[in-house]
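K.L.:
Take a look at the following structure, please.
The values are calculated or read from the model by the stated rules, or taken from the named source; none is laboratory data. In this text the structure is predicted, and so the values were computed from the model without any measurement. Neighbour counts run over all protein chains shown; Cβ positions are idealised from the backbone, glycine included. Side chains included, ligands, DNA and RNA excluded: accessible areas come from the protein's heavy atoms. Shrake-Rupley method; radii C 1.70, N 1.55, O 1.52, S 1.80 Å.
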Amino acid sequence: MSGLLPEGFHDRLPPAADAATRLESRVLGVARAYGYEQVDPPLAEFADELSARLKAGGLRDAVRFVDPVSQRTLAVRPDLTAQVGRIAATRMAHHPRPVRLSYAGPVMKLSASELDPLRATRQIGAELIGLDTVAAATEVVRVAIEALQAGGVEGIAVDFTLPDLVDCLAGDSLTPAQLETLRERLDAKDAAGVAAIDPRYLPLIEAAGPFDAAIERLRAIDAGKALATRLDGLAEIAASIRGQAALTLDPTERHGFEYQSWLGFSLFAKGVRAEIGRGGTYTILHGNGREETAVGFSLYADPILDAGIGADARRRLFLPFGTPPGIGAGLRAEGWVTVAALEEDDTPEAQLCTHVLRDGAPQQI
């Protein structure tokens with residue numbers, strides 16, 4: 001057998017797999033300290049149920065197949081957020097709001113892109129369901145940053161966006177088709193395309209960059225004060241994390257924020273070429289047609305781990321053949337990782353150990 005894997009899939013070997021476990025544990029530990037209790041949804045569920053949970057979420061990226069038991073179409077989750085929404089809307093519908101939930105697990109996409117070639121990845125996150133106020137969004141952004149810091153991520157940057165900005169400014173002045181085209185042209189920073197629809201929206205392209213300068217440009221554009229509440233809320237969120245992360249603002253960025261409402265944000269880090277997380281406010285659809293607001297974030301473990309972040313140096317203590325079990329137990333209680341020789345000719349080098357027990361004490365090799 002060749003051992004080849006399908007395109008977009010990969011094995012994570014030691015010590016990288018250990019680093020993945022540590023990262024997940026530290027991120028979830030921070031979320032838990034803020035009151036976010038963990039849920040663990042299944043890898044696949046009924047496709048129609050999964051698709052219906054998030055407004056405009058859809059299942060474009062989902063791998064689907066027919067369940068031989070129910071004969072219904074199942075979908076392997078391409079994202080965990082919709083499943084958390086389902087749990088909140090059904091199994092935990094009785095829970096007082098807001099409900100704080102965290103999660104971690106594998107996700108799988110139907111296809112990949114040149115910029116993001118992986119189809120099977122790990123996602124970690126937290127959702128605050130039943131509220132999308134400035135206070136709720138502030139907490140979620142703070143948890144995301146602190147969780148990344150706990151995982152050893154440095155040089156964190158947050159890029160904010162306002163997904164419904166254009167809708168708010170346009171009102172009824174544009175047809176739905178014009179509005180969608182304008183969103184696409186602004187997202188692409190296509191000045192000529194924007195000007196062809198309505199040149200009044202050209203300043204939005206320039207209102208992007210370092211947070212303080214960008215938000216002032218937006219305030220200057222907002223002559224009718226249609227954005228005042230949003231901008232004040234955004235400024236409050238930014239003030240709460242100032243000094244913990246570099247802050248930028250791209251008010252018309254919508255790629256990947258199609259189902260977010262008034263706030264979206266992307267997370268980046270020094271030494272990591274790709275985006276390491278994303279979050280914002282959104283709407284969960286209940287089965288009875290009722291809508292519920294929420295705010296949350298998802299972190300992408302793979303680019304963080306691929307950058308070598310959180311990869312602690314191996315520290316393995318070799319126990320020579322015949323070492324009494326009680327000694328090993330005592331050393332493990334002190335925090336050592338022990339590797340016991342199971343044969344007389346076993347060696348520290350063969351077991352990739354960094355230390356060896358000699359004369360009753362660990363010694364570095």
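K.L.:
Can you tell me which of (1) outside any loop (DSSP other than H, G, I, E, B); (2) touching a residue at least 60 places away in the same chain (Cβ under 8 Å) is the one Leu131 doesn't meet?
P.N.:
Single failed check for Leu131: (1).
K.L.:
Taking the condition of being under 14 Å from Phe160 (Cβ atoms) and either touching a Cys at 6+ places or on another chain (Cβ under 7 Å) or of a type in the set (S, T, N, Q) (or both), how many residues in segment 245-302 meet it?
P.N.:
Qualifying residue count for the region: 6.
K.L.:
Residues being basic (Lys, Arg) and either surrounded by 14 or more Cβ atoms within 10 Å (Cβ to Cβ) or part of a helix (DSSP H, G or I) (or both): count how many of those fall in segment 307-334.
P.N.:
2
K.L.:
Only one of (1) surrounded by fewer than 23 Cβ atoms within 10 Å (Cβ to Cβ); (2) outside any loop (DSSP other than H, G, I, E, B) is not met by Asp172, so which one is it?
P.N.:
Result: Asp172 passes all but (2).
K.L.:
If you don't mind, another one. If Arg183 satisfies all but one of (1) charged (D, E, K, R); (2) surrounded by fewer than 18 Cβ atoms within 10 Å (Cβ to Cβ); (3) over 30 Å from Asp306 (Cα atoms), what's the number of the condition it fails?
P.N.:
Unmet for Arg183, out of (1) charged (D, E, K, R); (2) surrounded by fewer than 18 Cβ atoms within 10 Å (Cβ to Cβ); (3) over 30 Å from Asp306 (Cα atoms): (2).
K.L.:
When you go through Arg142, Arg119, Arg97 one by one, which is the residue that is in contact (Cβ under 8 Å) with a residue 12 or more places away in the chain, basic (Lys, Arg), out of contact with any Gly (no Cβ under 6 Å at 6 or more places or on another chain) and open to solvent by 40 Å² or more (accessible area, probe 1.4 Å)?
P.N.:
Of the residues listed, the single one that is in contact (Cβ under 8 Å) with a residue 12 or more places away in the chain, basic (Lys, Arg), out of contact with any Gly (no Cβ under 6 Å at 6 or more places or on another chain) and open to solvent by 40 Å² or more (accessible area, probe 1.4 Å) is Arg142.
K.L.:
Report, by residue number, each residue of segment 189-207 that is among the small types (Gly, Ala, Ser) and either at pLDDT 90 or above or more than 30 Å from Thr138 (Cβ to Cβ) (or both).
P.N.:
Ala191, Ala192, Gly193, Ala195, Ala196
K.L.:
Read through the list (1) free of Cβ contacts under 8 Å to residues at least 60 places away in the same chain; (2) in a loop (DSSP other than H, G, I, E, B); (3) buried (at least 18 other Cβ atoms within 10 Å of the Cβ), then give the number of the only condition that Leu342 fails.
P.N.:
(3)
K.L.:
Return yes when Leu110 is closer than 26 Å to Leu285 by Cα, assigned to a loop (DSSP other than H, G, I, E, B) and either open to solvent by 40 Å² or more (accessible area, probe 1.4 Å) or touching a helix residue (DSSP H, G or I) at 6+ places or on another chain (Cβ under 8 Å) (or both) and no when it is not.
P.N.:
Taking the combined requirement at face value, the residue satisfies it.
K.L.:
Next up: Quick test for you: out of Asp232, Asp222, pick the one residue that is surrounded by 14 or more Cβ atoms within 10 Å (Cβ to Cβ), on the phi < 0 side of the Ramachandran plot and among the acidic types (Asp, Glu).
P.N.:
Sole residue among the options that is surrounded by 14 or more Cβ atoms within 10 Å (Cβ to Cβ), on the phi < 0 side of the Ramachandran plot and among the acidic types (Asp, Glu): Asp222.
K.L.:
I'd like the full set of residues that are within 17 Å of Asp250 (Cβ to Cβ), surrounded by fewer than 15 Cβ atoms within 10 Å (Cβ to Cβ) and small (Gly, Ala, Ser), limited to segment 194-215.
P.N.:
Answer for segment 194-215, where residues must be within 17 Å of Asp250 (Cβ to Cβ), surrounded by fewer than 15 Cβ atoms within 10 Å (Cβ to Cβ) and small (Gly, Ala, Ser): Gly209, Ala213.
K.L.:
Is it the case that Val337 is free of Cβ contacts under 8 Å to residues at least 40 places away in the same chain, of a type outside the set (Asp, Glu), under 19 Å from Pro15 (Cα atoms) and open to solvent by less than 90 Å² (accessible area, probe 1.4 Å)?
P.N.:
Yes.
Conditions tested, residue by residue: (1) touching a helix residue (DSSP H, G or I) at 6+ places or on another chain (Cβ under 8 Å); (2) over 30 Å from Phe257 (Cβ atoms); (3) aliphatic (A, V, I, L, M).
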| residue | (1), (2), (3) |
| --- | --- |
| His286 | yes, no, no |
| Arg290 | no, no, no |
| Arg314 | no, yes, no |
| Thr323 | no, yes, no |
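K.L.:
Does any residue of segment 280-299 turn out to be of a type in the set (A, V, I, L, M) and over 27 Å from the mean Cα position of the chain (by Cα)?
P.N.:
No, there is no match, as no residue in segment 280-299 is of a type in the set (A, V, I, L, M) and over 27 Å from the mean Cα position of the chain (by Cα).
K.L.:
Only strands (runs of 3 or more DSSP E) wholly contained in segment 1-94 count here; list those with 3 or more residues that are open to solvent by less than 40 Å² (accessible area, probe 1.4 Å).
P.N.:
Output list reads 73-76.
K.L.:
For segment 276-292, which positions are at pLDDT below 95, on the phi < 0 side of the Ramachandran plot and open to solvent by 40 Å² or more (accessible area, probe 1.4 Å)?
P.N.:
Leu285, Gly287, Asn288, Arg290, Glu291
K.L.:
What are the pairs with Cβ atoms under 9 angstrom where one residue, in segment 298-314, is in contact (Cβ under 8 Å) with a residue 40 or more places away in the chain and at positive phi and the other, located anywhere, is open to solvent by less than 20 Å² (accessible area, probe 1.4 Å) and not hydrophobic (A, V, I, L, M, F, W, C)? Sequence gap at least six, or different chains.
P.N.:
Final answer for the pair search is Gly310/Gly151.
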